[in-house]
1. Listed residues Arg83, Arg75; which is surrounded by fewer than 16 Cβ atoms within 10 Å (Cβ to Cβ), free of Cβ contacts under 8 Å to residues at least 12 places away in the same chain and not in a loop (DSSP other than H, G, I, E, B)?
2. Among the residues of the range 88-103 satisfying the criterion of being part of a strand (DSSP E or B) and small (Gly, Ala, Ser), which is nearest to Met16 (Cα to Cα)?
3. Among the residues of the range 38-60, how many are within 13 Å of the chain's Cα centre (by Cα) and either at pLDDT 95 or above or among the acidic types (Asp, Glu) (or both)?
4. Return the residues of the range 91-131 that are among the acidic types (Asp, Glu) and in contact (Cβ under 8 Å) with a residue 12 or more places away in the chain; say none if nothing qualifies.
5. What number of residues in the range 27-59 are among the β-branched types (Val, Ile, Thr), farther than 23 Å from Arg83 by Cα and either out of contact with any Ser or Thr (no Cβ under 8 Å at 6 or more places or on another chain) or assigned by TED's automatic domain parsing to the domain that holds Leu86 (or both)?
6. I'd like the residue in the range 3-49 that is in a loop (DSSP other than H, G, I, E, B) and touching a residue at least 12 places away in the same chain (Cβ under 8 Å) and, out of all such residues, is surrounded by the fewest Cβ atoms within 10 Å (Cβ to Cβ).
7. Of the numbered conditions (1) closer than 19 Å to Ala12 by Cα; (2) in contact with a Gly (Cβ under 6 Å, 6 or more places away or on another chain), Val91 satisfies every one except a single condition; which is it?
Amino acid sequence: MGIAPETTVMEAANEMRSAKIGALLVMRDDRLVGILTERDILNKVVAENRAPDEVEVHEIMTTEVVVISPGRSVRDAMRIVTRKHLRHLPVVDDGQLVGMVSAGDLTRSIVAEEEDVIESLYMYIRGDYPA
């Protein structure tokens, strides 16, 4: 989901709540210019006692957005979110936004992959593994 930099924090927070998401990508002319997270709202608006209906997203968004290309692996993405302490990672291909993954998405993918490996090993040990 994307929002304009001039959107108020209140509007952005309501959009996040209704979509049940923790971050919004900030877009200008189909170009990623920032990311707004729950942490941004908490630390830069709520904790500073600012009025969310008077603050615009561009005032508090993170502008140095870490991104990943779609050709990278899930494990590469997990390394990035872990090392940089991120919860959301936009996917950009040749300057175009193609999606976003969360740390939860990545964790679920890795766990599913590991479960498949464990099941394959278990079947092999039991002798049920197809030849």
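1. Exactly one of Arg83, Arg75 is surrounded by fewer than 16 Cβ atoms within 10 Å (Cβ to Cβ), free of Cβ contacts under 8 Å to residues at least 12 places away in the same chain and not in a loop (DSSP other than H, G, I, E, B), namely Arg83.
2. Out of the qualifying residues, it is Ser102.
3. 1
4. Looking only at the range 91-131, we keep the residues that are among the acidic types (Asp, Glu), and these are 93-94, 105, 113-116, 119, 128.
Hits for the range 91-131 are Asp93, Glu113.
5. Residues in the range 27-59 being among the β-branched types (Val, Ile, Thr), farther than 23 Å from Arg83 by Cα and either out of contact with any Ser or Thr (no Cβ under 8 Å at 6 or more places or on another chain) or assigned by TED's automatic domain parsing to the domain that holds Leu86 (or both): 2 in total.
6. Selected residue: Asp30.
7. That leaves (1) as the condition not met.
The values are calculated or read from the model by the stated rules, or taken from the named source; none is laboratory data. Please read these numbers as outputs of a predicted model, since none were measured by experiment. Ideal geometry is used to build each Cβ from the backbone, glycine not excepted, and the neighbour counts take in all protein chains shown.
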